[in-house]
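Here's the structure, in structure tokens; my notes come after.
The values are calculated or read from the model by the stated rules, or taken from the named source; none is laboratory data. Since the model is a prediction, treat every value here as computed from it, not as a measurement. Because the Cβ atoms are built from the backbone with ideal geometry, glycine has one as well, and the counts that use them run over all protein chains shown.
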């Protein structure tokens, strides 16, 4: 508890640097990553992250120091070279884009590891800590780092705000952007550059391997909450910032825990949570819809059974035993119990002792379903020229989804028919 | 002859080194509804893309209102095929139509109220105004097509170039588009439409370009719709021409000497 308070008070400057740094990184990477995600370039972020390593090493070899600005410059250059190579390979050879990404990623990363090993064995004292690029060093961010991150972060936000609508169009429909005369090449160059920049700074927190997650995961989660690009960017950035906060908090209260991987863990939880629980788009709400559909089909089928039994015996109000209902249709026992309960709750059926009978509103509903079934059968028979013995199964499903508007269309088109293709009477409500 | 809206001169285009358009050469009058007709794989979409500067041409040139495309971009509008974009993109109908108001001159600038009014008017014209806040993936295919056309109308151009606007649309959309065409014609606009259905072409268009890798014929529809020309356009590819095309691709040979 104490350590939580200490953490939240931000009295320790190191805590401040780490928290602010990871939050900026998380938010900016998420903002930029939203465009990569929408342009279906999720893998490109991964390629850039891996390709940055040789640039960082070379810039250290040339400058001889670990000045973050120099390292980022080296990162940008090698990131750009890798993008140009991916583009060049997929344009001039028969290799597909994913193959080109795979080749460039591994060659650059291999070269980077080679250089890094060389530097580590060179005896240069200044090299200590360069390998943090591989796995991140969020827990040891310094004030200088924060200054660089904030500067780059602000620059990225300004660029995205200034060219927001053009980036939107280029991501949605680049051909159209070209046709109306927008400088698409330049805009794509800018988009690539801000991605490289976001990767070059983000990598210092989470390392090469986890960087792609920082770019793409927030966007993929945010997409589930909104249908607007502006909101999506804000939600993704929030996810990024919150994860940065959680990651640094966990590594603070449990000092043996690394920050970067926890940032990514927090992000993954947010994204998976979104995929599951977001309203409308989420898996859970889709599941709920399919449960509702199943219940609707079940209860309507039970009502229909009451109608059919009543029709056969000429007595719709006659009580029915559970056993009779169970044997007349192919219900499962549990299903039928559940369905009867739901119908009773909605006052469509009533229970008297051990028998069930249909209420007035239940009968109205039952005849509506039977009417839709028979109208649809007739429609298939007359308009689609299907044989009468081929229409039943189709109508079994369609009867449950026909809306009142479609019902009146059917009635009108078939001229309010009274007999279905099997010579059964089509029931209409009696006013 | 009337004013010329579009001229292609000896246009040749190759895809993956295989020539898909050979020496296409025509002049299309302004103020007409013009259909570019041909069987599948006859290079119709490529022709539009070449006109709009989206694919590189191997030879020839395109003139729009007797000028280069770059000088008349504000007067030309392009409606790409509906399937060419991902409709799951997070945008509303209004967002997409407003894209028709973007210009290289309003880079960095925000969309103005006037732009929004123009976009709303364009949506009204295609009968989609009530959907302006709708997410674009909730639209039917026909509605998506109308959104694309509204975006193009919002540009306020004189020449409209549309790629297969009638593919996969419902009857209401077809009617809306046709009404729009006759209205545009009244306003003196020129509409060039790629269309693959021969049955409807005669009813839809005033002018026809018959295309099958090379231009078979171009002219008022009464002149074009005869058995001989249709047979020529739809009766399969020219054997020798496609053999030479194959050869060019195989040998990786330049289609022009320089």
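Structure values in brief
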quantity: Pair list, Cβ under 6 Å, 6 or more apart: region A:56-74 residue not assigned by TED's automatic domain parsing to the domain that holds residue A:114, other residue surrounded by 15 or more Cβ atoms within 10 Å (Cβ to Cβ) and part of a helix (DSSP H, G or I); calculated: none
quantity: Test: residue in region A:403-426 that is within 19 Å of residue A:295 (Cα to Cα) and not assigned by TED's automatic domain parsing to the domain that holds residue A:308; calculated: yes
quantity: Set A:370, A:391: member being surrounded by 18 or more Cβ atoms within 10 Å (Cβ to Cβ), touching a residue at least 40 places away in the same chain (Cβ under 8 Å), closer than 15 Å to residue A:417 by Cβ and not assigned by TED's automatic domain parsing to the domain that holds residue A:326; calculated: A:370
quantity: Identity of the residue in region A:175-189, more than 14 Å from residue B:101 (Cα to Cα) and touching a helix residue (DSSP H, G or I) at 6+ places or on another chain (Cβ under 6 Å), that ends up surrounded by the fewest Cβ atoms within 10 Å (Cβ to Cβ); calculated: A:184
quantity: Total residues in region A:30-41, condition under 17 Å from residue A:101 (Cβ atoms) and in a helix (DSSP H, G or I); calculated: 3
quantity: Evaluation of residue B:19 against (1) away from chain A (no Cβ under 14 Å); (2) under 26 Å from residue B:140 (Cβ atoms); (3) over 17 Å from the mean Cα position of the chain (by Cα) (one fails), failing number; calculated: (2)
quantity: Qualifying residue in region A:42-49 (condition: assigned by TED's automatic domain parsing to the domain that holds residue A:165, surrounded by fewer than 24 Cβ atoms within 10 Å (Cβ to Cβ) and assigned to a loop (DSSP other than H, G, I, E, B)); calculated: no
quantity: Residue identified as at pLDDT below 90 and in the same structural domain as residue A:41 (by TED's automatic domain parsing) among A:198, A:254, A:213; calculated: A:254
quantity: Residue list for region B:64-105, restricted to those being more than 9 Å from every other protein chain (Cβ to nearest Cβ) and either farther than 27 Å from residue B:5 by Cα or part of a loop (DSSP other than H, G, I, E, B) (or both); calculated: B:65, B:66, B:68, B:72, B:81, B:83, B:87, B:93, B:94
quantity: Residue check for residue B:151: within 13 Å of chain A (Cβ to nearest Cβ), surrounded by fewer than 18 Cβ atoms within 10 Å (Cβ to Cβ), closer than 18 Å to residue A:174 by Cα and out of contact with any strand residue (DSSP E or B) (no Cβ under 6 Å at 6 or more places or on another chain); calculated: no
quantity: Matching residues in region B:169-196 - criterion: being part of a loop (DSSP other than H, G, I, E, B), touching a residue at least 12 places away in the same chain (Cβ under 8 Å) and exposed (fewer than 13 other Cβ atoms within 10 Å of the Cβ); calculated: B:188
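For (1) out of contact with any strand residue (DSSP E or B) (no Cβ under 8 Å at 6 or more places or on another chain); (2) facing chain B (nearest Cβ under 9 Å), each residue gets a yes or a no:
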{"site": "A:165", "(1), (2)": "yes, yes"}
{"site": "A:176", "(1), (2)": "no, yes"}
{"site": "A:179", "(1), (2)": "no, yes"}
{"site": "A:182", "(1), (2)": "yes, yes"}
{"site": "A:195", "(1), (2)": "yes, no"}
{"site": "A:203", "(1), (2)": "yes, no"}
{"site": "A:207", "(1), (2)": "yes, no"}
